[in-house]
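Structure first, then comments.
The values are calculated or read from the model by the stated rules, or taken from the named source; none is laboratory data. What you see is a predicted model, and the numbers here were worked out from it, not measured in a lab. Positions of Cβ are backbone-derived with ideal geometry, glycine not excepted, and every protein chain shown enters the neighbour counts. Side chains included, ligands, DNA and RNA excluded: accessible areas come from the protein's heavy atoms. Shrake-Rupley method; radii C 1.70, N 1.55, O 1.52, S 1.80 Å.
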Number of protein chains: 2
Amino acid sequence: MIQVAVVVFSKHGYTAASMDEIAEHVGVSKPMLYEYFKSKEGLLLACIREARAELRRVTEQAVAASSTGEEALRQGLLAFFSFIRDHRQSWSLIRHEANLVGKPAEELETTRQQQTDLIATLMGDFTDPETARIAEESGLLQAAAEFVVGGCERLAIWSEEREDLTPEIVAEYAVNLLWGGLAQIAGR
Amino acid sequence: MIQVAVVVFSKHGYTAASMDEIAEHVGVSKPMLYEYFKSKEGLLLACIREARAELRRVTEQAVAASSTGEEALRQGLLAFFSFIRDHRQSWSLIRHEANLVGKPAEELETTRQQQTDLIATLMGDFTDPETARIAEESGLLQAAAEFVVGGCERLAIWSEEREDLTPEIVAEYAVNLLWGGLAQIAGR
DNA sequence: GAGTCCACCTTACTCGAAGTAGGTTACTTC
DNA sequence: GAAGTAACCTACTTCGAGTAAGGTGGACTC
């Protein structure tokens, strides 16, 4: 049911997708959709929740299987970019979650926060304690995590239409950039 | 006229905003809006175009006034974060441009590309020629630019609800992260 | 085994907002 | 002053989100 909705939403976009169409594809009548998911927004929310949960699962798994900090970073990113490649529709929904405005989106913020928290603690783990404490207090750790997430999302969108780029290559780019910084690229 | 629309769109969100309301606030009738901007999407598009143009103006100006690469980076980011702080509504629209799905958004991609191109050439400028050539060929330069843009957007969203953070501080965070990389934070 | 309840599902509606048809005013041009 | 036209409005159509009210079948009571 949610799967069907994901397909329709990602095909036409949230606004253009009609509940009637979804209902028909599911093989059920419209009031049923409203029974299960309160509203059109509710349905979209459920879809996004599902997609995010799946994304979270694969990245956490990848991270957990790593030993060093740098490897965790690389594996996590690789899992992320691979997910994008293999689940375009889910990814499309996650990207467009901004269509939800106001209160209902707050629950999603929680999910997102979990994502950044994962990265933040990850970074905290492989940082020496004193530096980590300072970074944490200033909010720098959170900021860095947010930055990583945003950068990767954008990178994923960019790489979508470049078929010569495998998830491995993109993850490699991201790791290099992140780990070494621009100073390295600049050669200084 | 566009200004009014920006206010309404950013207040209720694209879907919830009604053309009637906008028309009334403007002091004109609905068909007029359709005369000038083809459709609701068209109106939103015009608003976003306007907002993006303004954003682009201030960042380019900041970059042009800088001499070294690192300073250009810092000043550009500062201009960006200041813009966000001072033009919440415009920023809100830019963030939600994803509401436009399909063809009309292509024109926006162009604008966005200009933004990343600016960053890419900027980075190319302060990189030694040989390194730059290699980076360019592999697409790394573009990738880095995309990453920067995405990271900053996310960072901007995050910093919006933290009033203790001035644009200066956030820009500083971003510069440090970008320039030095995570390795620096990790203390290794 | 007839009556009653209830979960599940449908058809057929309301209502609000996007988009449009066609008319009106007022101003320019010859 | 008639013809044309630009700018604008009122009043409509259309479409889709959300809902009301009713029907069907199975389980449960006595």
Is there a simple number for the mean count of other chain Cβ atoms within 10 Å of the Cβ of residues in B:136-145, and what is it?
5
Could you state the accessible area per residue of the range A:114-168 in Å², with a 1.4 Å probe and every protein chain left in place?
44 Å²
Helix B:167-180: inclination vs chain B longest Cα principal axis, degrees, rounded to 10, gives 40 degrees
Given the rule -39500 (n - 2.57) for each run of at least 4 DSSP H residues, summed and divided by the residues of chain B, what is its mean residue ellipticity at 222 nm, to the nearest 500 deg cm²/dmol?
-25000 deg cm²/dmol
Find the sum over both chains of the accessible area lost when A and B are paired, probe 1.4 Å, and report it in Å² to the nearest 100.
4100 Å²
Angle in degrees between helix B:105-125 and the longest Cα principal axis of chain B, rounded to the nearest 10:
20 degrees
Residue by residue through the range A:73-87, which ³J(HN,Hα) values in whole Hz follow from phi under the Karplus form 6.51 cos²θ - 1.76 cosθ + 1.60 (θ = phi - 60°), with glycine and proline marked x?
4, 4, 5, x, 5, 4, 4, 4, 5, 5, 4, 3, 4, 8, 10
Would you calculate the separation in nanometres between label points at A:ALA16 and A:THR68, each defined as 7 Å from the Cα along the Cα-to-beta-carbon direction?
4.8 nm
7 Å along Cα→Cβ for the label point: how many nanometres lie between A:LYS38 and each equivalent label in the other copies, listed shortest first?
3.6
Rg over Rh [alpha-carbon atoms, Kirkwood Rh] for the range A:88-137:
1.18
For helix B:129-138, what angle does its Cα long axis make with the longest principal axis of chain B, in degrees from 0 to 90 and rounded to 10?
50 degrees
Distance in nm between pseudo-label sites at B:GLU130 and A:ARG56 (7 Å out along the Cβ direction from Cα):
4.8 nm
Step through the table entries A:LYS38/B:LYS30; A:LYS30/B:LYS11; A:LYS40/B:LYS11; A:LYS40/B:LYS40; B:LYS11/B:LYS38; A:LYS38/B:LYS40, compare each Cα-Cα distance with 24 Å, and write down the pairs that go over it.
A:LYS38/B:LYS30; A:LYS30/B:LYS11; A:LYS38/B:LYS40
